[in-house]
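Only one structure is covered here, and it is reproduced in the block below.
The values are calculated or read from the model by the stated rules, or taken from the named source; none is laboratory data. Since the model is a prediction, treat every value here as computed from it, not as a measurement. Cβ coordinates were reconstructed from backbone atoms using ideal geometry, including for glycine residues, and neighbour counts include every protein chain displayed. Just so you know, the surface numbers come from the protein's heavy atoms only, side chains and all, with ligands and any DNA or RNA stripped out. Shrake-Rupley method; radii C 1.70, N 1.55, O 1.52, S 1.80 Å.
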Amino acid sequence: MNEDSFTEENCALSMMMDLSNILFKIKTGPILKRHNLTPSALPVLLFLYRNPDKNTASEICASSPVKRGIVSTVIDSLCKRGLLRQERDENDRRIQRLYLNEDSNIIISDIKNVLDDIAIKASECLSENERKVANICIEKMVVFFQEEIEKEKKNG
């Protein structure tokens with residue numbers, strides 16, 4: 001493989017990741033503003049929505065780019081606003097479990113609508129066959145990223 005094609009492939013993937021993050025930030029900006037949230041609140045809310053069984057601050061920190069101190073501040077703020085509730089674990093009183101409240105479901109719904117809209121519009125430029133191939137590739141890449149994250153956690 002020549003150096004140029006390797007660079008082009010890496011640049012394309014990197015650019016797609018960067019652009020999707022930028023678009024997500026642009027599209028979720030009005031949601032954050034409407035609900036008076038900081039950008040750091042989104043990963044916390046989305047993590048708890050996607051992982052209801054991993055609902056402690058430690059688990060959020062382990063799976064999020066947001067630093068521990070910021071996660072703690074965000075959790076406190078979301079609890080005060082009634083978007084999250086904390087409950088002591090029945091088996092280990094030292095552990096605080098976090099749960100989304102009804103009001104947070106409105107925000108999650110808004111975010112899901114943004115993500116759906118982005119995915120639909122992005123896939124509209126593809127043929128049916130290209131969509132199928134893209135989905136297969138994306139699923140494989142997700143597995144790769146998850147495995148790499150787990151390896152790094154074990155090595156880190």
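Here r is the Cβ-Cβ distance between Ile26 and Glu150 and R0 is 35 Å; the resulting FRET efficiency, rounded to 0.05, is 0.70. The distance between label points at Asp103 and Ser58 comes to 3.0 nm (points 7 Å beyond Cα on the Cα→Cβ vector). The magnitude of the dipole of the chain, with charges of +1 and -1 set on the Cβ of Lys/Arg and Asp/Glu and taken from the Cα centre, is near 920 debye.
Segment 15-47 and segment 111-139 have Cα centres spaced 19 Å apart. In this calculation the C-beta distance from Val143 to Lys80 is compared with R0 = 30 Å, giving a FRET efficiency of 0.20. Overall, the anisotropy analysis places segment 26-124 in the prolate class: the square-rooted eigenvalues a ≥ b ≥ c of its C-alpha gyration tensor yield a/c not less than 1.5, with a/b exceeding b/c.
Going by alpha carbons, how many degrees (0 to 90, nearest 10) lie between the helix axis of 102-123 and the longest principal axis of the chain? Result, in degrees: 0. Helix 3-34: angle to the longest alpha-carbon principal axis of the chain, degrees 0 to 90, nearest 10? Taking the Cα atoms of the chain, the angle to 3-34 is about 40 degrees. Carbon-plus-sulfur fraction of the accessible area of the chain, 1.4 Å probe, in percent? Carbon and sulfur: 55 percent of the exposed surface of the chain.
Among the listed pairs Lys132/Lys153; Lys27/Lys67; Lys25/Lys132, a Cα-Cα separation exceeding 29 Å is found for Lys132/Lys153.
Between the Cα long axis of helix 68-80 and the first principal axis of the chain there is an angle of about 60°, rounded to the nearest 10.
Per residue, the chain exposes 73 Å² of accessible surface when a 1.4 Å probe is rolled over the protein heavy atoms with every protein chain present.
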